Structures are given as structure tokens and as C-alpha cells.
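Notes to accompany the following structure.
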Amino acid sequence: MTRPYAQALRQLKACGLRPTRQRLALARLLQDLHPRHLTAEELYQEARRAGIPVSLATIYNTLHQFTSAGLLGEIVVGSGQTYFDTSPHSHWHFFDKTTGEIMDVPDHMLRFARLPEPPAGKVIERIDVVVRIRDAAAPDARVRIAEADVDATD
């Protein structure tokens, strides 16, 4: 079994990132509970609880470096709302609007019959699918907005 430190060191070197103390510590945190989805703020809180001295800006920078290097996936679910996925391979997600939770969609539940042809000189790098869900009992926000618009014009 590979030790987490050695594994993190090897991964960072393999993707061309200098293995700084902070990058190694964050890579180890991300590997500990593999696989999962988390925000930069959640990782920041975990780092603080683990006694890792790091700023939120460093967390953001590191997560984006890890994503660019292919160590993490990035899931954008809304304006300014981004989750990082410790499983960087292409796969699909449910986003629960009620709880803010991200869940993997099992591969067998989604199939593409045909993909569009990319523009000349381009190739499809990956496909991101986020299926937005909410509690069935929760009212739809769009209905509330439409009702408010009707009330405002009366």
C-alpha cells in the first residue's frame, strides 16, 4: 500500500507541479476521503482543522492548478458556485438545489445517442452534465417568481 505522502508527491511531480509543502498537504487532504465533491471553502475549513497554515486564496489557486493538471475535475453549478471533484474522469452529476449536495450519476443511467461534430480543427475534450434536482415537496422558485410578477402588476 502506498503512503499518502509518497502518492501525493508522485502525483504532483508526474503532472509537472512543484511539490511545495502546501500543495502536498492539500493533495493529501483531497486523497484521504476519495472520491468526493467539495468547494474551496470546505477544503479551507478542513485544512484549518488539520492545522495546515494556508490562506483561502492559496486554496483557490491550488485547486485550479490541480484541475488544470488533471488531478481534479471542476463542476460549475451556478453563477460563482463551483465544486471540485476528486474523480477527474468524465462522469455526470446530480446537483440538489435544496441541499447544495453534488452526487455522481451512475454511468448506466445516462447515454448519448449522438454527439455534435466539433468545429473544424477542434476535438471534444470532455462532456459535463449536471442534472439539477430539488426536493419534490419544495416549491419551484420559478413559479414563485412568476406569481410575484403577476401580483406586482395588479
Of the residues in segment 125-154 that are surrounded by fewer than 10 Cβ atoms within 10 Å (Cβ to Cβ) and not in a helix (DSSP H, G or I), the one that is modelled with the lowest pLDDT is ASP154
Which ones in segment 77-88 are at pLDDT 90 or above, of a type outside the set (Ser, Thr, Tyr) and out of contact with any helix residue (DSSP H, G or I) (no Cβ under 7 Å at 6 or more places or on another chain)?
-> ASP85
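Are any residues in segment 47-90 aliphatic (A, V, I, L, M) and more than 17 Å from GLU125 (Cβ to Cβ), and if so, which ones?
Of all residues in segment 47-90, those aliphatic (A, V, I, L, M) come to 47, 50, 52, 54, 56-57, 59, 63, 69, 71-72, 75-77.
Those that are aliphatic (A, V, I, L, M) and more than 17 Å from GLU125 (Cβ to Cβ): ALA47, ALA50, ILE52, VAL54, LEU56, ALA57, ILE59, LEU63, VAL77.
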Pick from segment 92-112 the residues that are within 14 Å of the chain's Cα centre (by Cα) and in a loop (DSSP other than H, G, I, E, B): which of them is farthest from GLY70 (Cα to Cα)?
-> GLY100
Restricted to segment 42-76, and to residues that are in contact with a Pro (Cβ under 7 Å, 6 or more places away or on another chain) and among the hydrophobic types (A, V, I, L, M, F, W, C), which residue is modelled with the highest pLDDT?
-> LEU72
Residue list for segment 48-97, filter: aliphatic (A, V, I, L, M) and closer than 15 Å to LEU26 by Cα = ALA50, ILE52, VAL54, LEU56, ALA57, ILE59, LEU63, ALA69, LEU71, LEU72
Taking segment 8-41 on its own, how many of its residues are within 19 Å of the chain's Cα centre (by Cα), part of a helix (DSSP H, G or I), at pLDDT 80 or above and charged (D, E, K, R)?
-> 3
Could you check THR20 against (1) of a type outside the set (A, V, I, L, M); (2) more than 26 Å from GLY100 (Cα to Cα); (3) in contact with a Pro (Cβ under 7 Å, 6 or more places away or on another chain) and say which number it fails?
-> (3)
Kindly list, by first and then second residue, each pair from a residue in segment 45-59 that is small (Gly, Ala, Ser) to a residue that is in a loop (DSSP other than H, G, I, E, B), limited to pairs with Cβ atoms under 7 Å and residues at least 6 apart or on different chains.
-> ALA47/VAL54
Note down all Cβ pairs under 6 Å where the first residue falls in segment 119-139 and is touching a residue at least 24 places away in the same chain (Cβ under 8 Å) and of a type outside the set (A, V, I, L, M, F, W, C), the second is surrounded by 10 or more Cβ atoms within 10 Å (Cβ to Cβ) and not in a loop (DSSP other than H, G, I, E, B), and they're at least six residues apart or on different chains.
-> ARG132/PHE95
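Looking at segment 113-121, is at least one residue in a loop (DSSP other than H, G, I, E, B) and within 25 Å of ILE59 (Cα to Cα)?
Narrowing segment 113-121 to residues in a loop (DSSP other than H, G, I, E, B): 113-121.
From the residues that got through so far, the ones that are within 25 Å of ILE59 (Cα to Cα) too are none.
No, segment 113-121 contains no residue that is in a loop (DSSP other than H, G, I, E, B) and within 25 Å of ILE59 (Cα to Cα).
The values are calculated or read from the model by the stated rules, or taken from the named source; none is laboratory data. Because the structure is a prediction, the values reported are computed rather than measured. A quick note on method: Cβ atoms are made from the backbone with ideal geometry, for glycine too, and the neighbour counts reach across all protein chains shown.
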